[in-house]
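The values are calculated or read from the model by the stated rules, or taken from the named source; none is laboratory data. On a predicted model such as this, the values are computed, not experimentally measured, just so you know. Heads up, the Cβs are rebuilt from the backbone with ideal geometry, glycines too, and the neighbour counts pull from every protein chain shown. Note: accessible area is taken over every heavy atom of the protein model, side chains too, but ligands, DNA and RNA are not part of it. Shrake-Rupley method; radii C 1.70, N 1.55, O 1.52, S 1.80 Å.
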Amino acid sequence: MASLSDQLDEVRRRAEFSLSSNSSAQEVRAGVCALANIPLPPAAKYRYIAAETMVTENISGNNKKETVSSLQRLSTALNILEKYGSNLTNSSRPKYWRTVKHNNPVFKATVDAIQGGRAVLCLYGYTNQQLDGLSFPDDVLEPDVGKVASVTLEVMSLRMELDKLIKDAHPHPEFFERLIPSLNKEDDPGISSDESTSPSSERPWERDMQPVSAPSQPKVDHSPGLTYASLTPTNQTALPAETCTICRIFPVSAHCPTCVQWLCTECDRLYHSNSNRASHNRIPVTSTQTSKSVSSSLSTWQCQHCTTVNKLQAVLCETCERPHLASAAPSAQEEPAQPTTPTEWQCKSCTVVNAGSSILCEVCERPRLATRPPVTPSRPNPPSLGLRDSEWVCQFCTYVNHTPATVCEMCDLARSEPASLLARPLPPSPVKELPQLSVRPVAAVTEDPDLKRQKLMREEGLKLIQLIREGEKKGISPEEVYAGIRVSGNSTVVPSDWLKTELPAILDDICAMAASYRPEPNVAPPAGLIGVGQDGLLEGQKGKGVLLSRAEAKQAWLTAGGDAEKAVIQALRNRKAKLKELKALGFGDVVLCEEALRQSGGEVRGALALLQRPLLEPFHKRMWSDEPEPPIDINYPDKQRVCRRLLAVYDLPSWGRSELALSLLQDAAAPYTLEDVVQAVRESHDRDFIRRVLAKECPICLSVFPHSKMQSLTSCQCSVCCSCFKQHFTIAVRDKHIRDMVCPVCWEPDINDPEHLNSYFSTLDIQLRDCLEPEVYELFHKKLTEQALIKDPKFLWCSHCSYGFIYDGDQLKVTCPQCRRSFCAQCKKPWESQHAGLSCEQFQSWKRENDPEYQRQGLAGYLRDNGITCPNCRFQYALARGGCMHFCCSQCRYQFCSGCNNPFHTTCSVAQCTVTGLHAHHPRDCLFYLRDWEPSRLQALLQKNGVAFNTDTPPGTQAGVCGVIEQKDEGSRQTDSACGAQTHPGQAGLCEKHYREYLVSLINGHSIDPAPLFDTNELVLACRRYQVEVIRGETEDDRLHHTRLLKKLMEDVPLGDKVPRKK
C-alpha cells in the first residue's frame, strides 16, 4: 500500500492539474477535499505556505467561542486569497490582474487584517512593493501558473480544514489541538446547547446521504466562489441556523448537493447564473422557523440598509455605520438590472458589466455579490409639488430640469439618487382620495413664476457665455463684453463690434472729463478720492485737470461697470494712489510723475523706468564712452563709497568682504595690489589665511609673491613664481631632453613610466601654452612629437647625424632625409657597397675577413659594433658595457641595465622586492653578475659548451693600451672616449674588464647557462634571489642537494629574456 507521502504527492499532482487547467468546480473541490482529508499535520502537508505559523499567529481567544471567531476571520481572509490565486490561474484573467491595491476595503478587512496574508501574495508573484499596493515585476509578463496553482491549492485546503474545525467535522482534529489549545475549552455557561455543532463522527459524505431538510445547526461552509460571508466583517454575531449560507439573512429555499450550499431564492439565482454552475441540480427545501430564531432576534437587530445583523447594544451598524432606526436601502426595483447572460454580471455599485470569470469589479474593485454602498445623504430637494413625472430639481443649483437626464442642464452636475419623495409613494391621505384632486394636473399647466425666472436666467446666461466666447476669440476680455452689453443696451448689437466702434469715443470723453473735472465749491470730493481738494484737483495740479491715457480710462471704465462718471472718479483715485507710490520711491515731482504715468498707460513699473532713465544717463555715458574707468581710490574719505565700488566692480560676495579688502589695502606694513587682495578675499574671509596667501616665498629666487603669482605642477605640491617657472621650462625645452621637464624643486614626477608620461605631458602642455614664448612652445611640441614617434616600429635613428624619421620601405639601404647619408635599416651600420645582396651577418663576416681596418681594431671593433642599444627607442651606441651597468639613453632618457636591458627604477613592480632606491632586477646570465668571474672561469664555460674565443692580440693595434670606446662622466657632462687601461697577455689586446665583456657577449650570444659552474654558496644565493625553495631533505647529502637545487633553478628560473643574443 502506498505511503501517506506518496498519496499526498498524487493528490497534489491531480488537484494542481485540475486547478491550472481550468477544470470544473466539482473536480477542483474534490481535489481540495482529498488533500484536506489526508491524515498529516500541517507542517508535513503544506510545502509553500507556513500553515502552522498562520494559524498560531492569527488565532486568539480564551474559550471556544472566541477561537471559532478567530478561525472564521482567518478563513475569510484565506477565501479572498483563494480568489486572487484563482484569477491568476484562470485563462481569462481580469484586466488588472498585475496589481493588488491596499486601499481596497475588502483587502483591508480580510487579507491585510491577518498575519501572513501579504506573504501568500508574494508567493503568487506580487513581489514589487508600490505606494498603493503590490504588483508583479515589470519584467514578468505572465504569472507562473504552476506555482500559483500549488499555492492556491494549499490556501483552499487550509481554508477547508479550518471550516471543518469550526463545524467540529475535521477527521483529524488532533493535528490542530497543539496549535489551538483553546479549541477544546468550553464556552461560557450562557451559550445554549442549540448552538453546538454536529457530532464529530458525522462525515461529509454521510451528510450528503441524509434526507434533505432545513439544517438545524449553523452551516458555515465556504464555497469556491466569492461569497458575501467572506466579505462581511468577522466580528458580527452568529446568525440563525435556518438562513442562507451565502447571505446569512434570508431563509433557505434550495439545497445544491454539488456545491454543498443551502441557498435562499435570490442567492440561488445569482450563484447558479454562472455557466460553470448552471447545470447543478438543486433540491427545494421547506424552511421551518423555530422559536430559537425568535429568541435570537431579540438579542440582535438587522440593518435595513446593508442587511448586516448587529448586536442589540450597537447604536450604529458595524458595516455601513448607519443608525439603528435608519430607513432601508433602495429597493430591488431601483437596482440596475443584471445582465441576463451567464457570462456577464453587473456591479451593483458602479453598474459596470464585468466578465463572468471576474470576482472583483474592474472599475471599483468591489466584490461580485456586494450590495450597493450607502448613498451620501444630500440636502433635501425643494418641494416637488406641481412637478411632472419627468421633471426633477437639481440639488446643487435648484434648477427644475424637464427631461429625465443624468446631469443638470444648468450646472452640468450629476443628478443625485432619486429623492425619497419621488422614489417612494406617499402614504394615502384623505385629501388625495377626494375626487376633486383629479383636476389638479390641469392647474400645473400654468407656468410657474419661479420656473419662468429660472428659464429666463438660463437663456440670458447661455447668451452671455456665447458672447464671451466669441469675444475671447477676438481678443476681448469678459469684463469688456459685459460692460459693452450693459452700456449699449441693445440686444441686437454684437458687443465686440460695439467696443470697436463706440468705446474709443467713450474713453476720449472720460479723458476729457478728467482733464476738465471741477467739483462745485464748498462740496467735499467723492468718498475714496484721496488727495482731491475742494477744488477737485490733485495736489500740485490745482488750476488744471488731470491728463489720462486711454489705458487708464479703459481700466477705470471697466471697474465702474461702464458708468462714465464713476469711471472719472475711479481714474482720479487710481492716479492719486500711483502718485503716492512713486513719491514713496523717491520721485516727488508731480508734473514728471503725471507725464510718466500718462506715457506708460498708468503702469507704475513703466513710469518708474521713464523716471529713472534721466538719472541713469550719466552712468550710461560713462559706460559706453571710450574713456577708462577711474581707478578706485582706497584713501577716499567716504569709506562706504569705496566699499560699494568694490562690490560693484569686483563682484565680492558680501559687504563684509569688501570692508576686509579695504582694510588689507590700507595696511601700510604689507603693500598688496588691488587685484591680488580681491582674489584672496573671494576665496576666504579669514584674515590670517589671506595674509599667508598674499605672502608666498618662491623656493628658487626666494622672493615673496601672492598666491595668484605662483605656479605649480599637478604632480607635486611645490610652487614657484611665474618668472622662475617660465625660465626653468624654457631652458629645459631648448637645451635638455623632454624627460627633464619636471618640477625644478623636487624633480618629480618619475616619467619613465609610460602611463605617467602621457598624463603628465597632457596637463603640462596646457600650462606651458600661456607661459612660454611661441617659438619655445613650438620646439616643446616638436620634442613631444618625437617622443611619441620613438614608439613607432617604423621609426629609425640616423647612424650619422642622430636624426629620427619614419621609414616605410622594405630595402636595407636607407637614406637620411637630414644629412642625405645612407645606412643599413637592420644593423644600423654605415652603408657600404659590399652590403648589397648580403645579410647583416654575412656582411660582418666579410668585413672581419677582408677589411684591414676592421682587422686592425680587433675585438675593440667587435665590441663597438656590438655596442649598447636602447630597449626603449632602439638608438644604438658604439660603446662598451664595462664599468657601471646603469645606462641612461641620451635620446629618450630611459634608464636600463646595459647587460640585460632590464629597467632601472625607484618604484619596483616586484611584489617581494624590499629595495627602495634606484635598482634593477638582473637575470643570472647578465654581465652584472658574470663580470665578477675570472676570465679563466668564463673561458672554461665557453670550452665546456664548445664555443671558440680569441686570446691573441690583433696585428696593428697599439700595444699595452685598450682602445674600446666607452661613456665617461666628466663633471656634469657625459663624454665618449677610449678606455686607455693596460692590457694583459692572452686577452686579445683588451683590458681585463673589456675582455670579460667580450667573453660574456659570447656566452649570451650562444644562450649558455652559467648555473652548472655555480658552487654551493652561489647556487643557494641564486635560489634565494629568485625565490626558489632551498630546504634540504632529510635523506639528502650535499651532492644530491646541490644537484636538486641546480635542476630546480634551471627549470623554474629561465635566462634573461631581454639579454642581447648577438654572436
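Here the spin labels are modelled as points 7 Å beyond Cα on the Cα-Cβ line, and at Leu702 and Asp750 they lie 3.2 nm apart.
Measuring r between the beta carbons of Ala670 and His737 and using R0 = 41 Å, the FRET efficiency lands at 0.45. Put a dot 7 Å past the Cα of Cys350, heading toward its Cβ, do the same for Glu362, and the two dots end up 1.1 nm apart.
Fully extending the segment from Ala405 to Lys500, taken as 0.36 nm per residue of separation minus the present Cα-Cα distance, adds 30.1 nm. Backbone phi angles across segment 141-157, fed through the Karplus curve with coefficients 6.51, -1.76 and 1.60 (θ = phi - 60°), yield HN-Hα couplings of 8, 9, x, 6, 4, x, 5, 4, 5, 5, 5, 5, 4, 5, 5, 5, 5 Hz in residue order; Gly and Pro are listed as x. Structural descriptor for segment 639-694: relative contact order 28 percent, calculated from alpha carbon pairs under 8 angstrom and at least 6 residues apart. Each of the peptides 18-25, 638-645, 983-990 was scored by the mean count of other Cβ atoms within 10 Å over its residues; in descending order, highest first, they stand as 983-990, 18-25, 638-645. Solvent-accessible surface (1.4 Å probe) assigned to Ile766 amounts to roughly 100 Å².
A DSSP coil position with no more than 12 other Cβ atoms inside 10 Å describes the following trypsin sites (Lys or Arg not before Pro) in segment 1-82: Arg47. Kirkwood analysis of the Cα pair distances in segment 710-791 returns a hydrodynamic radius of 12.8 Å.
Relative contact order of segment 689-761, taken over Cα pairs closer than 8 Å and 6 or more residues apart, is 22 percent.
Dividing the mean sequence gap of close Cα pairs (under 8 Å, 6+ apart) by how many residues segment 45-147 holds gives a relative contact order of 25 percent.
Shown in residue order for segment 345-354 are the 3J(HN,Hα) couplings computed by the Karplus curve 6.51 cos²θ - 1.76 cosθ + 1.60 at θ = phi - 60°: 8, 9, 5, 6, 8, 10, 6, 7, 7, 10 Hz (x for Gly and Pro). In this calculation the C-beta distance from Cys908 to Arg820 is compared with R0 = 45 Å, giving a FRET efficiency of 0.50.
Taking amide hydrogens as placed 1.01 Å from N in the peptide plane, the amide H of Asn354 sits under 5 Å from those of Trp345, Gln346, Cys347, each at least 5 positions away in sequence or on another chain. Gain on full extension, evaluated as 0.36 nm per residue between Arg641 and Ala940 minus their Cα-Cα distance, stands at 98.0 nm. With R₀ fixed at 35 Å, the C-beta to C-beta distance from Asp765 to Glu617 puts the FRET efficiency at about 0.10. The accessible-area ordering, largest first, of the residues Val352, Val693, Val649 stands as Val649, Val352, Val693, per a 1.4 angstrom probe.
Using heavy atoms of the protein chains and a probe of 1.4 Å, the accessible area assigned to Trp846 is about 80 Å².
For segment 639-694, a simple Cβ point-charge model (Lys and Arg +1, Asp and Glu -1, everything else neutral) yields a dipole of about 240 debye relative to the Cα centre. Across Thr403, Thr730, Thr67, Thr265, the residue with the most accessible area heads the list, and the full order at a 1.4 Å probe is Thr265, Thr403, Thr730, Thr67. Straightening the chain between Leu462 and Met1050 buys 200.8 nm, computed as 0.36 nm per residue apart minus the Cα-Cα spacing.
Of the GluC sites (Glu not before Pro) in segment 971-1059, the ones in a loop by DSSP (not H, G, I, E or B) with at most 15 other beta carbons within 10 Å are Glu1029, Glu1034, Glu1036.
Accessible surface comparison of Phe587, Phe887, Phe619, probe 1.4 Å, protein chains only, largest first: the order is Phe619, Phe587, Phe887.
When the listed pairs Lys554/Lys578; Lys500/Lys578; Lys736/Lys791; Lys474/Lys566 are checked against a 22 Å cut-off, the alpha-carbon distance exceeds it for Lys500/Lys578; Lys474/Lys566.
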